[in-house]
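Participant: Before I ask anything, let me first share the structure, which is written out below as structure tokens.
Read-outs throughout are calculated quantities, based only on the coordinates presented, and are distinct from any laboratory measurement. Note that this is a predicted model, so its numbers are computed, not measured.
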């Protein structure tokens with residue numbers, strides 16, 4: 001499935017709509033976002049965070065690698081936003097406590113640049129690719145669980 005957006009507001013709304021359709025599992029829900037710089041991955045994540053009740057500013061965790069947002073009265077207890085752009089291997093995720101994160105059913109993990117740490121991605125991860133076409137962004141969903149987007 002593909003979705004086209006033309007503005008940041010549309011991208012945030014798409015992220016919000018997407019997360020409302022997710023159902024927590026027995027382990028963390030992992031969503032990976034692939035695409036070049038400026039494709040809209042963080043803007044999409046802002047929509048997810050807002051829909052989950054995050055009130056603070058959500059920015060790319062490129063330099064800190066990981067940001068964790070506590071969620072109140074939601075299906076998930078925490079939103080974990082990871083930017084793997086600067087990581088060199090999947091082992092570097094282990095240092096962050098990746099295995100514990102994956103085991104946590106209260107976590108929704110949004111991971112940008114999954115190709116940098118592909119060996120660590122669970123088979124259950126939902127994949128979204130972001131493509132830039134002139135003034136539009138095209139989101140390509142892998143279709144695993146998101147028939148309703």
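Participant: Could you grab the relative contact order for the chain? Cα pairs under 8 Å, six or more apart, rounded to a whole percent.
Facilitator: Once normalised by length, the contact order is 36 percent.
Participant: Please pull out the direction-averaged projected area of the stretch 2-141, using the convex hull of its alpha-carbon atoms, in nm² to one decimal place.
Facilitator: For the Cα atoms of the stretch 2-141, the hull's average projected area reads 7.7 nm².
Participant: Follow-up question, since we're still on this one. Can you tell me what share of the DSSP beta bridges in the stretch 2-141 is antiparallel? A percent to the nearest 5 is fine.
Facilitator: Percent antiparallel among DSSP bridges in the stretch 2-141 is about 50.
Participant: Enter the Cα centre distance for the pair the stretch 51-121 and the stretch 1-44, rounded to the nearest angstrom.
Facilitator: Their Cα centres are 14 Å away from one another.
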